[in-house]
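Every read-out reported here was derived from the displayed coordinates using simple, explicitly stated rules and does not represent laboratory data. Everything numeric in this text was worked out from a predicted model, so none of it was measured. Because the Cβ atoms are built from the backbone with ideal geometry, glycine has one as well, and the counts that use them run over all protein chains shown.
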Amino acid sequence: QEAGEYTMKMHPMWQGPLVAPGGNRQSPIDIRVRKSVFDPHLKPLTPDYDPRTCSQIWNNGYSFLVEYDDTTDKSTLKGGPLEDNFRLCQFHFHWGESNAWGSEHTVDRRLFPAELHMVHWNSDKYSRFEEAVMEENGLAVIGVFLKIGKRHEGLQKLVDVLPAVRHKDSVVEFTRFDPACLLPTNIDDYWTYAGSLTTPPLTEAVTWIIMKQHIEVSHDQLAVFRSLLFTSAEEEVQKSMVNNFRVQQSLQGRTVRSSFT
Ligand SMILES: NS(=O)(=O)c1ccco1
Ligand SMILES: [Zn+2]
C-alpha cells in the first residue's frame, strides 16, 4: 500500500454490491417515535418456542447464530402485524466495539450497545427459509435492544459457550435454550414496518417487529461477544468481531406503525 493511500478496510460482508434489488424498503432505519402511527388493529404478538428445537451455535464470520430445527412447526410466531404462521430459524446479535453504539435500528437517533434479531420465515406460504427469503411476505424478524445493566441470567448459558465458536466457521452443539428468555417482559408494545435483511442478500422480505422495551445484559457479558473473531483460525491477522451492524437506510416514504399510544 502506497503511503498516503487510504482505503477503508471493509469487512468482506460489505465489499460486494451494496444496493439491494429494488432498494426502496431497506433496513435498518431510525424510528422517529412521533412520526409512527398507532394502529389499533395490531394484535398481541404470540411467540410459542420449544427449547428442544435449539440445535447449534455457529460463527458465520459476521455474527454468531443460534440455530433452531425449523423442519416442523414447533417454534412459531403468530399475531402482531402477521397474517400467517412463522417459524423460528435462528437468532443472532449486532454490537459495537464500545457500549456507545452497536444497534442497527435507533429510536429518535438513540443508539444501543447491541440488538438481538430473532429470524422467522412464513411456513404457511413457503417450505424453507431459502425460499421465503426472496418473498416480500417471507420473513418476520423481532428486534430487541440491549442495554448495559444487570447480568442476564438466561443469556449466560450462551455466553459460556461463545469461546468455543471464537473463529469464523466454528460450530458447536447447543441445545435446550429457550429464546423466549431473551424477550422483554412487555412484548405488547412494539413498532413494525416493512423492511429488508440487514446483511446480504439484503432482500426486501422482512416484516420488522421492534420491541419498545429493551433487555439488560452486563458489561462483562457483552465483552464476551467482542472476544469473538471475524476471522478463521488459519488467517494470520485476527480481527475482533465488533461493529457488525449495517449503516442506516432511508425510510423512502414508509410508515412505521406502533402497537401502543
Ligand atoms: N440481520 S437480519 O436479521 O436482517 C438477517 C438475517 C439473515 C440475514 O440478515
Ligand atoms: Zn440481524
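Rounded to the nearest 5, what is the percent of antiparallel bridges among the DSSP beta bridges in the chain?
Working: 43 of 55 bridges.
Just about 80 percent of them are antiparallel.
Does region 11-83 come out rounded, prolate or oblate by the C-alpha gyration tensor, with a ≥ b ≥ c the root eigenvalues, rounded set by a/c under 1.5 and, if not, prolate when a/b is larger than b/c and oblate if not? Each step should come with its number before you reach the end.
On the way: a/c = 2.36, a/b = 1.02, b/c = 2.33.
Verdict is oblate for region 11-83.
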- For region 190-200, Karplus-derived ³J(HN,Hα) couplings (6.51, -1.76, 1.60; θ = phi - 60°; whole Hz; x for glycine and proline) come out as 8, 9, 9, 7, 8, x, 9, 5, 9, 10, x
- Item | Antiparallel bridge percentage (DSSP; both residues within region 128-261; nearest 5) | 55
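Could you work out the equivalent-ellipsoid semi-axes for region 103-254, taking the square root of 5 times each eigenvalue of the Cα gyration tensor, largest first, in whole Å?
Numbers: eigenvalues 131, 83, 59 Å².
One finds semi-axes of 26, 20, 17 Å for region 103-254.
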- Item | Phi to ³J(HN,Hα) by Karplus 6.51 cos²θ - 1.76 cosθ + 1.60 over region 85-102, Hz, x for Gly, Pro | 8, 10, 9, 5, 10, 6, 10, 7, 9, 10, 8, x, 7, 9, 6, 7, 7, x
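Kindly give Rg over Rh for the chain, based on alpha-carbon atoms, with the Kirkwood expression for the hydrodynamic radius.
Over the Cα atoms of the chain, Rg/Rh equals 0.95.
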- With the Cα gyration tensor of region 47-109 giving a ≥ b ≥ c as the square roots of its eigenvalues, does the rule (a/c under 1.5 for rounded; else a/b larger than b/c for prolate; else oblate) give rounded, prolate or oblate? oblate
- Could you check the simple spin-label distance between Arg109 and Cys181, using points 7 Å along Cα→Cβ, in nm with one decimal? 3.8
- Percent RCO, i.e. relative contact order, over region 116-177, from Cα pairs under 8 Å lying at least 6 residues apart: 27
- Item | Residue-by-residue Karplus 3J(HN,Hα) for region 112-124, coefficients 6.51, -1.76, 1.60, Hz, glycine and proline x | 10, x, 6, 9, 8, 10, 10, 9, 10, 10, 6, 8, 7
- In whole angstrom, how far apart do the alpha carbon centroids of region 60-84 and region 105-167 sit? 9
- Note on the structure: Helix-only [θ] at 222 nm, the chain, -39500 (n - 2.57) per DSSP H run of 4+, per residue, nearest 500, equals -2000 deg cm²/dmol
- Packing-ranked peptide list from 206-212, 100-106, 126-132, highest mean Cβ count within 10 angstrom first, is 206-212, 100-106, 126-132
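Would you mind putting 213-225, 160-172, 133-145 in packing order, based on average other-beta-carbon counts within 10 Å, highest first?
133-145, 213-225, 160-172
Sort Tyr62, Tyr68 by Cβ crowding within 10 Å, fewest neighbours at the top.
Values: Tyr62 18, Tyr68 26.
Fewest to most other Cβ atoms nearby, the residues stand as Tyr62, Tyr68.
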- Query: So which of Lys43/Lys147; Lys43/Lys212; Lys168/Lys239; Lys157/Lys212 end up more than 21 Å apart, counting from Cα to Cα?
  - Reply: Lys43/Lys147; Lys157/Lys212
